[in-house]
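So the structure is just underneath, and the comments pick up after that.
The values are calculated or read from the model by the stated rules, or taken from the named source; none is laboratory data. Predicted, not measured: the structure shown is a model, and the values here were computed from it. So basically every Cβ, Gly included, is an ideal-geometry build from the backbone, and we count neighbours across all protein chains shown. With ligands, DNA and RNA removed, areas are computed over all heavy atoms of the protein, side chains included. Shrake-Rupley method; radii C 1.70, N 1.55, O 1.52, S 1.80 Å.
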Amino acid sequence: MVDVRDAAKALAGAGRVVVFTGAGMSAESGVPTFRDALTGLWERFDAQALATPQAFEDDPDLVWGWYEWRRSLALRVAPNPGHEAVAAIEAHAPHTVVITQNVDDLHEQAGSTAPIHLHGSLFTPRCATCSRPAEPSREAAPEEGRRLAPPRCEHCGGPIRPGVVWFGEALPAEPLEAAVQAATECDVLLTIGTSGLVYPAADIPVVAAKFGATVIQVNPQPTPLDAVAAFNLTGTAATVLPALVSAAWPLS
Ligand code: APR
């Protein structure tokens, strides 16, 4: 894997590293991606009926039940060697910023200190009316596809909603600003397991390349980000990332 060795040299020599991840990062932990053929969530479910503000307004029980089912999946999985390799990069390259589109907490479980969640998290529900944070529900999660009435806000009585970003919603301003700032300052950006199709998140690797960073992509499939990647490492997160880290820091 000549490319891995060359990519590892760039990674080891970087002063500032950004690791940008998508659903493929968690695939080998057993978390479904969105657009993979057959298994992708948007291949099996209707995003318009589940992942928009209108969907929640029209049928809060359906939407809340679906996200509680996804949260129950996230509670049952563990980080894979790819997540552990990302935490190892942070240990070797102190100025590493992890930016994720994922709403699971597998980066945190693997030891990444403060990943930036551009699309929110399954673990930070809030009131849909007054936006006060709410405790994750202790109710038993529903089976796939079962409706569940959302809990009510203790403060205003409004319905509790998932703490994720839905289609048509703006990304949280501070995480987005921090992510763009990190992308403009980094020497190397690793983009892992994202189809690069959903904006503005998909712009992060493009911004990094525009500001002179070396972009390294890890994905078994080609994506639009091939165009900005100096290295396209074809393979999965849990296989390529550990090889990349051991090539970059051999004595580790
Ligand atoms: N390792 C690395 N990459 C993988 C693996 C793996 N084991 N398995 C699949 N992939 C790649 C696929 O080839 C694909 O390019 O991961 C990518 C997953 O793409 P998507 O399912 O589109 O997920 P993502 O890019 O994170 O989607 C972005 O879309 O629906 C919204 O909010 C949702 O955050 C999500 C956003």
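Residue count for region 91-104, restricted to those that are surrounded by 21 or more Cβ atoms within 10 Å (Cβ to Cβ) and either part of a strand (DSSP E or B) or without any contact (Cβ under 8 Å) to a residue 60 or more places away in the chain (or both): 5.
Yes/no matrix, rows are residues, columns are (1) over 18 Å from Ser195 (Cβ atoms); (2) outside the structural domain of Glu144 (by the TED database):
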residue	(1), (2)
Ala7	yes, yes
Phe20	no, yes
Trp42	no, no
Ala49	yes, no
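Restricting the first member to region 140-164 and to residues that are open to solvent by 90 Å² or more (accessible area, probe 1.4 Å), and the second to residues that are assigned to a strand (DSSP E or B) and not polar (S, T, N, Q), the beta-carbon pairs closer than 9 Å and six or more apart or on different chains are Arg152/Cys127; Arg152/Pro159; Arg152/Ile160; Glu154/Cys127; His155/Cys127.
For region 50-82: of the residues being open to solvent by 20 Å² or more (accessible area, probe 1.4 Å) and over 29 Å from Leu241 (Cβ atoms), which is farthest from the ligand (Cβ to nearest atom)? Taking the candidates together, the pick is Asp61.
Considering Ile204, Ile216, which residue is part of a strand (DSSP E or B) and at pLDDT 95 or above?
Details: Ile204 fails: part of a strand (DSSP E or B).
Unique residue meeting the criteria: Ile216.
Residues that are open to solvent by 50 Å² or more (accessible area, probe 1.4 Å) and touching a Gly at 6+ places or on another chain (Cβ under 6 Å) within region 221-239 comprise just one, Pro224.
So that you can scan it fast, the table gives a plain yes or no per residue for (1) open to solvent by 20 Å² or more (accessible area, probe 1.4 Å); (2) assigned to a loop (DSSP other than H, G, I, E, B); (3) among the β-branched types (Val, Ile, Thr); (4) within 18 Å of Ser121 (Cβ to Cβ):
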position	(1), (2), (3), (4)
Arg5	yes, no, no, no
Ala8	no, no, no, no
Ser26	no, no, no, yes
Ala37	yes, yes, no, no
Trp42	yes, no, no, no
Gln48	yes, no, no, no
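Scoring Ala14 on the criteria (1) open to solvent by 10 Å² or more (accessible area, probe 1.4 Å); (2) at pLDDT 95 or above; (3) more than 21 Å from Val164 (Cβ to Cβ); (4) within 20 Å of the chain's Cα centre (by Cα) leaves a single failure, condition (4). Collect the residues in region 125-139 that are surrounded by 15 or more Cβ atoms within 10 Å (Cβ to Cβ) and not in a loop (DSSP other than H, G, I, E, B), keeping them in residue-number order. Matches in region 125-139: Pro125, Arg126, Cys127.
Residues to consider are Ala110, Ala114, Ala179, Ala85; find the one that is away from the ligand (no atom under 16 Å from the Cβ), within 23 Å of Leu241 (Cα to Cα) and assigned by the TED database to the domain that holds Gly13.
On inspection, the qualifying residue turns out to be Ala114.
Of the numbered criteria (1) touching a His at 6+ places or on another chain (Cβ under 8 Å); (2) open to solvent by 70 Å² or more (accessible area, probe 1.4 Å), the one Ala87 fails is (2).
Go through the residues of region 203-210 one by one and say whether even a single one is surrounded by fewer than 24 Cβ atoms within 10 Å (Cβ to Cβ), within 15 Å of the chain's Cα centre (by Cα) and either within 15 Å of the ligand (Cβ to nearest atom) or free of Cβ contacts under 8 Å to residues at least 24 places away in the same chain (or both). Please lay out each step first, then the result.
Start the filter on region 203-210 by keeping residues that are surrounded by fewer than 24 Cβ atoms within 10 Å (Cβ to Cβ), which leaves 203, 206-207, 209-210.
The next check asks that each one be within 15 Å of the chain's Cα centre (by Cα); those that pass are 203.
Those left that are additionally either within 15 Å of the ligand (Cβ to nearest atom) or free of Cβ contacts under 8 Å to residues at least 24 places away in the same chain (or both): 203.
Within region 203-210, one or more residues are surrounded by fewer than 24 Cβ atoms within 10 Å (Cβ to Cβ), within 15 Å of the chain's Cα centre (by Cα) and either within 15 Å of the ligand (Cβ to nearest atom) or free of Cβ contacts under 8 Å to residues at least 24 places away in the same chain (or both).
Regarding Ala128, is this residue closer than 30 Å to Pro94 by Cβ, small (Gly, Ala, Ser) and more than 16 Å from the ligand (Cβ to nearest atom)? So Ala128 does not fit the description; no.
Scanning region 165-201 for residues that are in a loop (DSSP other than H, G, I, E, B), aliphatic (A, V, I, L, M) and open to solvent by less than 50 Å² (accessible area, probe 1.4 Å) turns up Val165, Leu171, Val198, Ala201.
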